[in-house]
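Visitor: To start, I am sharing the structure in question, which I have written as structure tokens.
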Amino acid sequence: MRPIIEFCVSNLGHGTEALKNKLEQNMDYDVVEYTCLGNCSQCRFEPFAMVNGEVIAADSAEELEEAIETKIKELEAWDKLELD
């Protein structure tokens, strides 16, 4: 499973642009940038991204990176359970 990580271009001012660029370097991830993800009220106030369609938010870009990595590990664990 390749996780799809989506970023809103309007949210990049919250420090998520550097995170997006970093995650794009990982060939195991599909990273996509959209002009809008439809979370406008959230977008104005905190860094966020979507991982496989689920909103992941945090107080900082650093915390968002940790939350994204945690979510991806959870997804990988579920995939492994389903294969066993």
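Visitor: Over the stretch 4-72, what percent of the accessible surface lies on carbon and sulfur atoms, probe 1.4 Å? The partial results should precede the final answer.
Guide: Values: 1780 of 3720 Å².
Accessible surface attributable to carbon and sulfur in the stretch 4-72 totals 48 percent.
Visitor: Could you estimate the translational diffusion coefficient of the stretch 4-72 from the Stokes-Einstein equation, with Rh from the Kirkwood formula over C-alpha pairs, at 37 °C and 0.692 mPa s, in whole µm²/s? Please list the in-between numbers first.
Guide: Working: Rh = 11.6 Å.
It diffuses with D of about 284 µm²/s by this estimate.
Visitor: Rolling a 1.4 Å sphere over the protein heavy atoms, what is the accessible area per residue of the stretch 4-72, to the nearest Å²?
Guide: Working: 3720 Å² over 69 residues.
Per-residue value: 54 Å².
Visitor: Can you give me the angle between helix 61-83 and the longest principal axis of the chain, using Cα atoms only, in degrees from 0 to 90, rounded to the nearest 10?
Guide: Helix 61-83 and the main axis of the chain meet at about 20 degrees.
Visitor: Would you work out the relative contact order for the chain, in percent, from Cα pairs under 8 angstrom that are 6 or more residues apart? Each step should come with its number before you reach the end.
Guide: Working: 112 pairs, mean separation 27.2, N = 84.
In percent, rounded to a whole number, it is 32.
Visitor: Okay, moving on. Kindly provide the helix-only [θ] at 222 nm of the chain, computed as the sum of -39,500 (n - 2.57) over DSSP H runs of four or more divided by all residues, to the nearest 500 deg cm²/dmol? Present the calculation step by step, with values, prior to reporting the outcome.
Guide: On the way: 3 runs with 36 residues, N = 84.
That calculation yields -13500 deg cm²/dmol at 222 nm.
Visitor: If the reach is capped at under 19 angstrom between alpha carbons, list the lysines near Lys20, excluding any in the same chain fewer than eight residues apart.
Guide: Straight-distance partners of Lys20: Lys71, Lys73.
The values are calculated or read from the model by the stated rules, or taken from the named source; none is laboratory data. Predicted, not measured: the structure shown is a model, and the values here were computed from it. When the accessible area is computed, the model is the full protein with side chains, heavy atoms only, and any ligands, DNA or RNA have been set aside. Shrake-Rupley method; radii C 1.70, N 1.55, O 1.52, S 1.80 Å.
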